[in-house]
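Asker: This is the structure I want to talk about, given as structure tokens.
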Amino acid sequence: MPHLPLSGFRIISAEQYGAGPYGSMFLAQLGADVIKIEPPGPPGKGGDTARAVGPHYLREGESLYFQAFNLNKRSLTLDLNAPEGQAIFRKLAGTAHAVANNMRGDLPARLGLTHDALKDINPAIVCAHLSAYGRDNERARWPGYDYLMQAEAGYCLLTGDPGGEPQRMGLSMVDFITGTIHAIGLLAALVDAQRSGVGCDVDTDLLSAAVHQTSYPALWYMNEGDVTERTPRSAHPTATPSQMFKAADGWMFVMCQLPKFWTIMVERIGHPDLASDPRFASNKSRLANREALTAALDVIFQSQPMAHWQALLAGHVPVAPVYGLDQALDNPWLQRTGMRDSVDHPDRPGMQVLANPIRIGGARLPNRPAPLLGADTDAILADLGLGADEVADLKRAGIV
């Protein structure tokens, strides 16, 4: 692998669970030395709470869930609530370029994770904060999770069939996008700190990120009072046909987002007559007659299996099969593009993981398994100049 763009940068991460670790994993895969600070304790009790999330484990207190968010990092056990732990943390911060956390909004200041708390030892340090609702308002002490944000930001009443119960997305997409935004903010501030020699605090929060993702429907409502609602077959709110259709053996998604795709589609499926039907002559008329158009296309698409229609449309009209998760991950295309990878974990040689979607110089980023709890504590403390006897004393005291 060629030189990675973040090689030489050290990032301390006081993180738990999903959103923060997801973002910092990108930084680690891009070459940064991401040191994950975790509470000390025995397996199953200490460390990131994600280590204990089931149902699948590599050993006691070491879950596959944890592996999904923590590849390529190092683990340092450290009690940030103890004065001795704070002394070690501050010494480590003096060697770092950034500190990231996804703690409850009121905790970073109390635990000394802010730029104001660290600028005396490292003026250029960037302190990136990811919380549920922000650090500077009356919700700062509120805990929060992805599903709550989907509910409050309007996602649950945009997902599913009209008239049905509110539905969350099948994945924790608010966690993932907020973690990504968190990493972008950290990197932007890091670039500036490298130029100016002065760091800063960078903040994002789950609810702000969730609301920001409402994007164009938000502008439609804020400017025109137009409330986007759920549509049958997960159809696009304005373009049609852009929705799911049922083939003879399963569902597929067809997206005629542009007028040309409608024309190409009806020609390739052998029904050019649909284009001359006045009900379907323009996107406006197709939208007004969406139910009739769906019925007409259902008859056609259900006459052949999904593979038949893919062979006709792929590369000409945007189309994709609607897969279950197992089918999606067993799709040969992932092997073709290198999106499936394997790493050798001490308890699972050849453990299957997902590759990072970023390529550098045409190559996928290298992966290492997520660290065992405290696996790098001794090495990191030795780098800070602590002797073996000092480390042993800290371990006996439960500081590391």
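Asker: With label points built 7 Å along Cα→Cβ from the Cα atoms of Asp383 and Ser7, find their separation and express it in nm.
Answerer: Label at Asp383, label at Ser7, 1.5 nm between them.
Asker: Eight or more residues apart or on different chains, and alpha-carbon atoms under 17 Å: count the Lys pairs in the chain matching that. The partial results should precede the final answer.
Answerer: Numbers: Lys36/Lys45; Lys36/Lys73; Lys36/Lys91; Lys45/Lys395; Lys91/Lys119; Lys260/Lys284.
Counting lysine pairs in the chain gives 6.
Asker: Any idea which of Ser276, Met244, Phe261 is furthest toward the positive side of the dipole for region 198-300, if Lys and Arg beta-carbons carry +1 and Asp and Glu beta-carbons -1?
Answerer: Ser276
Asker: If I model a spin label at Leu354 and Ser282 as a point 7 Å from the Cα along the Cα→Cβ vector, what separation in nanometres do I get?
Answerer: 4.2
Asker: Moving to a separate point now. Taking every DSSP beta bridge with both residues inside the chain, roughly what % is antiparallel (nearest 5)?
Answerer: Working: 18 of 40 bridges.
Rounded to the nearest five, the antiparallel share is 45 percent.
Asker: Something else about it: Taking 0.36 nm per residue of separation and subtracting the Cα-Cα distance, what length does fully extending Ala292 through Arg195 add? Walk me through the numbers before you get to the answer.
Answerer: On the way: separation 97, 0.36 × 97 = 34.92 nm, distance 6.03 nm.
In short, 28.9 nm is gained.
Asker: Summarise the long-distance tail of P(r) for region 1-134 by giving the % of C-alpha pairs beyond 27 Å.
Answerer: Working: 1561 of 8911 pairs.
Roughly 18 percent, rounded to a whole number.
Asker: Ignoring ligands, DNA and RNA, please state the percent of accessible area on the chain from carbon and sulfur, probe 1.4 Å.
Answerer: Values: 11140 of 19680 Å².
Here it works out to 57 percent.
Asker: What is the mean projected area of the alpha carbon convex hull for region 96-135, to one decimal in square nanometres?
Answerer: Values: hull surface 10.0 nm².
Convex hull of Cα atoms, orientation-averaged projection: 2.5 nm².
Asker: Mean Kyte-Doolittle of at least 0.0 plus a Cα span of 30 Å or more along the axis: flag which DSSP H helices in the chain meet both, please. Write out the running numbers ahead of the final one.
Answerer: Working: long enough: 173-196 (34 Å, 1.00).
Span-like helices, by this rule, are 173-196.
Asker: Give me the accessible area per residue for region 104-168, probe 1.4 Å, as a whole number in Å². Intermediate values should be presented prior to the final figure.
Answerer: Values: 3480 Å² over 65 residues.
Normalised by residue count, the accessible surface of region 104-168 is 53 Å².
Asker: Something else now. With no solvent and one point per C-alpha, what does the Debye sum give as log10 I(q)/I(0) for region 242-322 at q = 0.15 Å⁻¹?
Answerer: After summing over all Cα pairs, the log10 values are -0.46.
Asker: Lys and Arg at +1, Asp and Glu at -1: add these up for the other residues within a Cβ distance under 14 Å of Gln335 and post the number. Intermediate results must be reported in sequence, preceding the final value.
Answerer: Numbers: positive: Arg336, Arg340, Arg364; negative: Asp330, Asp341.
Within the 14 Å Cβ shell, the charges total +1.
Asker: Separate question: Loop only per DSSP, at most 11 neighbouring Cβ atoms within 10 Å: give me the GluC sites (Glu not before Pro) in region 211-318, ordered by residue number.
Answerer: Listed in order of number, the matching sites are Glu229.
Asker: Would you kindly compute the Cα radius of gyration of the chain and its largest Cα-Cα separation (Dmax), both in Å?
Answerer: Over the chain's Cα set, Rg and Dmax evaluate to 25.3, 85 Å.
The values are calculated or read from the model by the stated rules, or taken from the named source; none is laboratory data. This one's a predicted model, so the numbers in the text were calculated from it and none came from an experiment. Glycine gets a Cβ as well: all are built from the backbone with ideal geometry, and neighbour counts include every protein chain shown. SASA here: full protein model, heavy atoms, side chains in, ligands and nucleic acids out. Shrake-Rupley method; radii C 1.70, N 1.55, O 1.52, S 1.80 Å.
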